[in-house]
Amino acid sequence: MKRRLNILCLLVLLVLSYSVFESLYEFGRGFSAGIKIAMNTREKKMENPAVNMKMIALMPKDFSNFSDSVYNEKTHSYVPVLYSQLLVSLKSKPTVWSMLGVALSSLFEVLSIVLSIFIFVKLVISINKSDIFNWKNVRRLRWLGGALIFSFLCSAISVCINSFELFSLLSIPGYSLHLSELLSILTLVLGVVSLIVGEIFAIGLRLKEEQDLTI
Amino acid sequence: MKLKINIICVLIFIAMAMSLVNSFAQGMPDFLIGFQEGSRENVSPYMIRFVNLSPEDATAFKDSVYNASDGKLIPAQYRSVVFHDSNMTFSTVAEIVSFFLIFILLIVIIVQLVIFVKFVSAVNRSIIFDWSNVAKLRWIGTLMLISFAVSAILYYLHYLDDVTSVKIPGYTVNTIDVWDFNSLILGLGALLMGEIFAIGLRLKEEQDLTI
């Protein structure tokens with residue numbers, strides 16, 4: 001009876017693991033690049049631009065004006081382009097508060113993601129025990145939704161702090177900074193969906209309780 | 001009793017409407033510019049490419065952009081650029097296929113929305129744990145998986161075309177845009193919910209038979 005359910009849970013976990021694997025791969029690349037930069041900096045006693053790197057998203061003020069260009073080896077010519085996302089090296093002097101804010105929001109983001117995976121696994125185990133429509137699962141779904149929305153808010157806070165810092169330091173002619181593009185809304189959507197499912201479960205349970213009272 | 005669920009659904013629709021209005025507001029000036037460009041004579045045709053790039057060496061900042069705040073050039077790496085390509089290498093067959101895929105994607109999204117609205121209205125009518133809702137959830141899930149597959153094919157076609165016609169020194173074209181994990185995870189989630197509903201319903205039917 002629960003074969004399909006378990007296959008689907010496995011698929012969800014596989015997709016999540018793939019995305020975690022991809023993040024870990026990127027993290028590994030970043031980590032090895034960091035070590036390389038540190039070695040170079042020590043040897044050459046000069047600062048590598050990657051130390052102050054920041055990801056930015058740009059929105060052109062005029063879409064018909066391709067004011068920049070890059071060299072295309074395929075056509076051996078310079079091609080007009082508009083920048084959309086860049087990794088820039090920009091020296092900034094962040095305040096203690098902004099550093100603390102980014103560190104805390106990143107920490108809470110990771111913790112809430114771990115919590116939501118833990119709640120999801122508990123939910124699947126209880127469903128496998130045929131313990132489906134009860135108030136415990138409604139609470140689990142609400143907690144799951146809350147944790148996912150909280151993780152989205154944490155990532156939004158760190159993007160906001162970084163944006164606030166960048167707006168005063170960076171201005172690229174012909175573009176405006178559009179940092180909301182760097183924010184992924186997947187956790188927000190998943191959080192809202194699990195809140196909806198929690199409410200549907202609660203409505204069903206209340207209806208069942210009313211029926212039981214009538215009998 | 002259904003106040004909370006209705007508030008959440010209204011919030012979802014407001015967010016969707018805002019995103020549509022935002023896209024429309026951003027797209028309208030571009031449409032007008034394109035229209036003006038198109039109606040002008042002697043304008044050679046060109047296509048726009050959104051290309052995602054990965055640096056061959058993550059520590060190398062070989063390019064630069066001008067920072068008007070302090071009047072200096074700052075080291076930069078390109079991650080995503082919009083190409084103005086006058087070579088138009090995208091073949092007619094690929095164009096027809098991608099037009100067809102976009103059309104399918106549009107229909108799939110509209111059907112998803114209609115089924116979601118039907119699901120919410122059924123819940124509002126107190127029809128909750130019912131086989132019709134299981135079918136609706138399974139449809140929503142399947143359609144989301146279809147939209148994942150269709151968008152993956154569509155973006156992969158563009159990726160293949162980008163790889164053949166674009167090579168920026170120090171960078172490789174990547175496939176980040178090809179995989180839309182949002183619709184994959186949401187689709188699997190909807191199918192999962194459908195299965196949970198189905199298990200609950202089967203249990204209820206067994207209980208009813210026992211009584």
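If I filter region B:143-163 down to residues being touching a residue at least 40 places away in the same chain (Cβ under 8 Å), more than 23 Å from B:ALA58 (Cα to Cα) and within 12 Å of another protein chain (Cβ to nearest Cβ), which single residue comes out as surrounded by the most Cβ atoms within 10 Å (Cβ to Cβ)?
Selected residue: B:MET144.
On the given criteria, is B:GLY200 at the interface with another protein chain (Cβ under 10 Å from one of its Cβ atoms), in contact (Cβ under 8 Å) with a residue 12 or more places away in the chain and surrounded by fewer than 20 Cβ atoms within 10 Å (Cβ to Cβ)?
yes
Residue under question is B:LEU188, and the condition is that it be within 9 Å of chain A (Cβ to nearest Cβ), part of a helix (DSSP H, G or I) and touching a residue at least 24 places away in the same chain (Cβ under 8 Å); does it hold?
Yes, satisfied.
Restricted to region A:139-164, and to residues that are touching a residue at least 60 places away in the same chain (Cβ under 8 Å) and surrounded by 20 or more Cβ atoms within 10 Å (Cβ to Cβ), which residue is farthest from the other protein chains (Cβ to nearest Cβ)?
Per the criteria, the residue is A:ASN162.
Which of (1) in a helix (DSSP H, G or I); (2) under 25 Å from A:ILE196 (Cβ atoms); (3) within 14 Å of another protein chain (Cβ to nearest Cβ) is the odd one out, the single condition B:VAL108 does not satisfy?
(3)
Checking B:ALA60 against (1) touching a residue at least 40 places away in the same chain (Cβ under 8 Å); (2) more than 9 Å from chain A (Cβ to nearest Cβ); (3) not polar (S, T, N, Q): exactly one of these is not met. Which one?
With respect to (1) touching a residue at least 40 places away in the same chain (Cβ under 8 Å); (2) more than 9 Å from chain A (Cβ to nearest Cβ); (3) not polar (S, T, N, Q), B:ALA60 is out only on (2).
Kindly indicate whether A:PHE133 is among the aromatic types (Phe, Trp, Tyr), in contact with a Leu (Cβ under 7 Å, 6 or more places away or on another chain), in a helix (DSSP H, G or I) and modelled with pLDDT under 85.
Against the criterion (among the aromatic types (Phe, Trp, Tyr), in contact with a Leu (Cβ under 7 Å, 6 or more places away or on another chain), in a helix (DSSP H, G or I) and modelled with pLDDT under 85), A:PHE133 does not qualify.
Give the residue that is nearest to B:SER86 (Cα to Cα), with candidates limited to residues of region A:72-96 that are at the interface with chain B (Cβ under 7 Å from one of its Cβ atoms) and in a loop (DSSP other than H, G, I, E, B).
Checking each candidate, the answer is A:THR75.
Quick one: in region B:126-142, of everything that is charged (D, E, K, R) and within 11 Å of chain A (Cβ to nearest Cβ), which residue is surrounded by the most Cβ atoms within 10 Å (Cβ to Cβ)?
B:ARG138
Have a look at A:LEU104, A:LEU90 and point out the one that is aliphatic (A, V, I, L, M) and modelled with pLDDT of 85 or more.
Within the list A:LEU104, A:LEU90, the selection yields A:LEU104.
Considering A:SER19, A:SER126, A:SER112, A:SER69, which residue is part of a helix (DSSP H, G or I), at pLDDT 75 or above and surrounded by fewer than 18 Cβ atoms within 10 Å (Cβ to Cβ)?
A:SER126
Listed residues A:SER158, A:SER176, A:SER194; which is at pLDDT 80 or above and not in a helix (DSSP H, G or I)?
A:SER176
Report, by residue number, each residue of region A:165-215 that is acidic (Asp, Glu), surrounded by fewer than 21 Cβ atoms within 10 Å (Cβ to Cβ) and either touching a helix residue (DSSP H, G or I) at 6+ places or on another chain (Cβ under 8 Å) or under 25 Å from B:PHE181 (Cα atoms) (or both).
Listed by number, the residues that qualify are A:GLU165, A:GLU181.
Of the residues B:PHE129, B:PHE116, B:PHE99, only one is assigned by TED's automatic domain parsing to the domain that holds B:GLU195 and assigned to a loop (DSSP other than H, G, I, E, B); which?
One residue alone meets the criteria, B:PHE129.
The values are calculated or read from the model by the stated rules, or taken from the named source; none is laboratory data. The model shown is predicted, which means the values in this text are computed figures rather than measured ones. Cβ: placed from backbone, ideal geometry, glycine included. Neighbour counts: every protein chain shown.
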